[in-house]
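Novice: First, the structure itself, so that you have it in front of you.
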Amino acid sequence: MHFNQEEKTLLLLKPRGFCAGVVRAIDIVRIALEAFGPPIYVRKEIVHNRFVVEELQGKGAIFVDSVEEVPNGERVIYSAHGVSPEVREASQHRGLRVIDATCPLVTKVHVEAVKFAKEGYSLMLIGHRDHDEVIGTLGEAPIVTQVVGSPEEVDSLTVADPNRVAYLTQTTLSLDETKDIIAALRKRFPNIKGPAAQDICYATENRQVAVKEVASDADLLLVVGSDNSSNSNRLVEVARNLGTSSHLIDNFRNIRPEWLEGVKTIALTAGASAPECLVEEVVKFLGSKGFGKVKEVEVMPENVRFGLPPEIVEAIASAPTPAAVE
């Protein structure tokens, strides 16, 4: 009997999980389904989380890869990651009724891209080429924009005028990695301009700061999030760069017994598109494995809220019974 066995600790990081842009995007799909009834088409995954997408599919949302798959005249929702002007034109051409769930912080980057391009700058977009958000931002000024994924790529960039160069970033990157790429760009183009305020969003930054805060206290960091979630993957990287063992999990079923061997303290967080119910299941599962002492570690308060788009506000206003906004 192990009565004297020391109880193992689970550190629950805060802030974690849903950011304001994700809450808004999911609310938009839910309210649209309630107000207009299915089918509601959604271009790409509304947020990069398998559980969320499957739950909304169950309520009648139809996820498509391209607006070409949406029947003429139907309603389509753009995902939180944003779209290029080309997609907007294609929707207009098909007479689609568009509801835009692009995160306002992504829209900010699009606006900056258009502004710099109009002013004659060559644009460096720091980010991951194949990510939905980067594809959308790149579409705003494709002729003058180059995607930069690492400091090494900076050497091979060619620009029309080295004195008219600007950079923007994907909103969900690692702060440290981005800093290194910006430093390399500044070295190569000393007059490079950047956005007035950093593009990496508050939620990405806060979740990374929280991981850094507790990394040295934990033997293992688990991040709840899906494989294609950029900000979730960055949380794993941040911990590993600090020498803490870390894994990305979609849910508690992904936790391997060997990860827990010899581990006394686990830190747990969740990416910006991962729902809290999945975190709660992990807490319960780890509790059954002896991690009964749960401590919430709040690194900074977070209380950002974004308003809903006009189509949704009108739908709520004209609904006979108040649409449920969770």
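Novice: Which one of the conditions (1) over 22 Å from the mean Cα position of the chain (by Cα); (2) closer than 26 Å to residue 165 by Cβ; (3) surrounded by 14 or more Cβ atoms within 10 Å (Cβ to Cβ); (4) of a type outside the set (A, V, I, L, M, F, W, C) does residue 75 fail to meet, given that it meets all the rest?
Specialist: Residue 75 satisfies all of (1) over 22 Å from the mean Cα position of the chain (by Cα); (2) closer than 26 Å to residue 165 by Cβ; (3) surrounded by 14 or more Cβ atoms within 10 Å (Cβ to Cβ); (4) of a type outside the set (A, V, I, L, M, F, W, C) except (2).
Novice: Inspect the range 53-72 for any residue being within 17 Å of residue 132 (Cα to Cα), crowded, with 22+ Cβ neighbours inside 10 Å and out of contact with any strand residue (DSSP E or B) (no Cβ under 7 Å at 6 or more places or on another chain) and give the result as yes or no.
Specialist: no
Novice: Still on this structure: Within the range 246-291, how many residues turn out to be among the small types (Gly, Ala, Ser) and either more than 23 Å from residue 231 (Cα to Cα) or surrounded by fewer than 22 Cβ atoms within 10 Å (Cβ to Cβ) (or both)?
Specialist: First pass over the range 246-291, keeping only residues among the small types (Gly, Ala, Ser): 246, 262, 267, 270-274, 287-288, 290.
When the remaining residues are screened for being either more than 23 Å from residue 231 (Cα to Cα) or surrounded by fewer than 22 Cβ atoms within 10 Å (Cβ to Cβ) (or both), the result is 262, 287-288, 290.
Residues meeting the conditions: 4.
Novice: Next question, about the same structure. Which residues, taken from the range 1-32, are under 26 Å from residue 135 (Cβ atoms) and part of a helix (DSSP H, G or I)? Spell out how you get there, then give the answer.
Specialist: Just the residues of the range 1-32 that are under 26 Å from residue 135 (Cβ atoms), to begin with: 17-30, 32.
Correct list: 20, 21, 22, 23, 24, 25, 26, 27, 28, 29, 30, 32.
Novice: Still on this structure, I have one more. Can you name the number of the only condition in (1) buried (at least 23 other Cβ atoms within 10 Å of the Cβ); (2) touching a Ser or Thr at 6+ places or on another chain (Cβ under 8 Å) that residue 203 fails?
Specialist: It is condition (2) that residue 203 fails.
Novice: Can I ask one more? Any residue in the range 225-240 that is on the phi > 0 side of the Ramachandran plot and surrounded by fewer than 24 Cβ atoms within 10 Å (Cβ to Cβ)?
Specialist: no
Novice: Just to be sure I understand, how many residues within the range 163-193 are part of a strand (DSSP E or B) and in contact with a Leu (Cβ under 7 Å, 6 or more places away or on another chain)?
Specialist: From the range 163-193, those part of a strand (DSSP E or B) are 165-169, 193; that's our starting set.
In the following step, the residues that additionally are in contact with a Leu (Cβ under 7 Å, 6 or more places away or on another chain) were identified as 166-168.
Residues that pass the stated criteria total 3.
Novice: Exactly one of these conditions fails for residue 209: (1) crowded, with 22+ Cβ neighbours inside 10 Å; (2) of a type in the set (A, V, I, L, M, F, W, C); (3) out of contact with any Leu (no Cβ under 6 Å at 6 or more places or on another chain). Give me its number.
Specialist: Evaluating residue 209 over (1) crowded, with 22+ Cβ neighbours inside 10 Å; (2) of a type in the set (A, V, I, L, M, F, W, C); (3) out of contact with any Leu (no Cβ under 6 Å at 6 or more places or on another chain) leaves (1) as the failure.
The rows are residues; the columns are (1) modelled with pLDDT under 95; (2) in contact with an Asp or Glu (Cβ under 6 Å, 6 or more places away or on another chain); (3) within 13 Å of residue 16 (Cα to Cα); (4) among the hydrophobic types (A, V, I, L, M, F, W, C).
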{"site": "256", "(1), (2), (3), (4)": "no, no, no, no"}
{"site": "262", "(1), (2), (3), (4)": "no, no, no, no"}
{"site": "266", "(1), (2), (3), (4)": "no, no, no, yes"}
{"site": "275", "(1), (2), (3), (4)": "no, no, yes, no"}
{"site": "278", "(1), (2), (3), (4)": "no, no, yes, yes"}
{"site": "285", "(1), (2), (3), (4)": "no, no, no, yes"}
{"site": "301", "(1), (2), (3), (4)": "no, no, yes, no"}
{"site": "315", "(1), (2), (3), (4)": "yes, no, no, yes"}
{"site": "326", "(1), (2), (3), (4)": "yes, no, no, no"}
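Novice: Kindly indicate whether any position in the range 270-288 is in a strand (DSSP E or B), touching a helix residue (DSSP H, G or I) at 6+ places or on another chain (Cβ under 9 Å) and closer than 16 Å to residue 221 by Cβ. Steps first, please.
Specialist: As a first pass, look at the range 270-288 and keep what is in a strand (DSSP E or B): 270.
So of that shortlist, the ones also touching a helix residue (DSSP H, G or I) at 6+ places or on another chain (Cβ under 9 Å) come out as 270.
Still in the running and closer than 16 Å to residue 221 by Cβ: 270.
Yes - at least one qualifying residue is present in the range 270-288.
Novice: I've got another one for you. When the residues of the range 26-39 are narrowed to those that are of a type outside the set (Asp, Glu) and in contact (Cβ under 8 Å) with a residue 40 or more places away in the chain, which ends up surrounded by the most Cβ atoms within 10 Å (Cβ to Cβ)?
Specialist: Restricting attention to the range 26-39, the residues satisfying the condition of being of a type outside the set (Asp, Glu) are 26, 28-33, 35-39.
Next, only the ones that are in contact (Cβ under 8 Å) with a residue 40 or more places away in the chain stay: 28-32, 35-36.
Working: 28: 24, 29: 26, 30: 20, 31: 23, 32: 24, 35: 17, 36: 14.
So the residue we want is 29.
Novice: Now for a different question. Would you mention how many residues in the range 145-159 are among the hydrophobic types (A, V, I, L, M, F, W, C) and crowded, with 18+ Cβ neighbours inside 10 Å? I'd like the intermediate steps shown before the answer.
Specialist: Within the range 145-159, the first condition is being among the hydrophobic types (A, V, I, L, M, F, W, C), and the residues that meet it are 147-148, 154, 157, 159.
Okay, now just the ones that are also crowded, with 18+ Cβ neighbours inside 10 Å, so 147-148, 154.
Counting residues in the range 145-159 that are among the hydrophobic types (A, V, I, L, M, F, W, C) and crowded, with 18+ Cβ neighbours inside 10 Å gives 3.
Novice: Of all residues being part of a loop (DSSP other than H, G, I, E, B) and touching a residue at least 60 places away in the same chain (Cβ under 8 Å) in the range 105-162, which is nearest to residue 79 (Cα to Cα)? Just the residue, please. Please lay out each step first, then the result.
Specialist: Of the residues in the range 105-162, the ones part of a loop (DSSP other than H, G, I, E, B) are 119-121, 127-131, 139-144, 149-150, 157-162.
Going one step further and asking which of them are touching a residue at least 60 places away in the same chain (Cβ under 8 Å), we end up with 121, 128, 131.
Details: 121: 28, 128: 17, 131: 12 Å.
Residue satisfying both the conditions and the ranking: 131.
Novice: Next up: So which residues in the range 224-268 are closer than 16 Å to residue 8 by Cα and either of a type in the set (Val, Ile, Thr) or in the same structural domain as residue 176 (by TED's automatic domain parsing) (or both), if there are any at all?
Specialist: 263, 265, 266
Novice: Every residue in the range 224-238 that is in contact with a helix residue (DSSP H, G or I) (Cβ under 6 Å, 6 or more places away or on another chain) and in a helix (DSSP H, G or I), please. Before you say what the answer is, go through the steps one by one.
Specialist: So in the range 224-238, the residues in contact with a helix residue (DSSP H, G or I) (Cβ under 6 Å, 6 or more places away or on another chain) come out as 224-226, 231, 235, 238.
Passing the criteria: 231, 235, 238.
The values are calculated or read from the model by the stated rules, or taken from the named source; none is laboratory data. Since this is a predicted model, take the numbers as computed values, not measurements. A quick note on method: Cβ atoms are made from the backbone with ideal geometry, for glycine too, and the neighbour counts reach across all protein chains shown.
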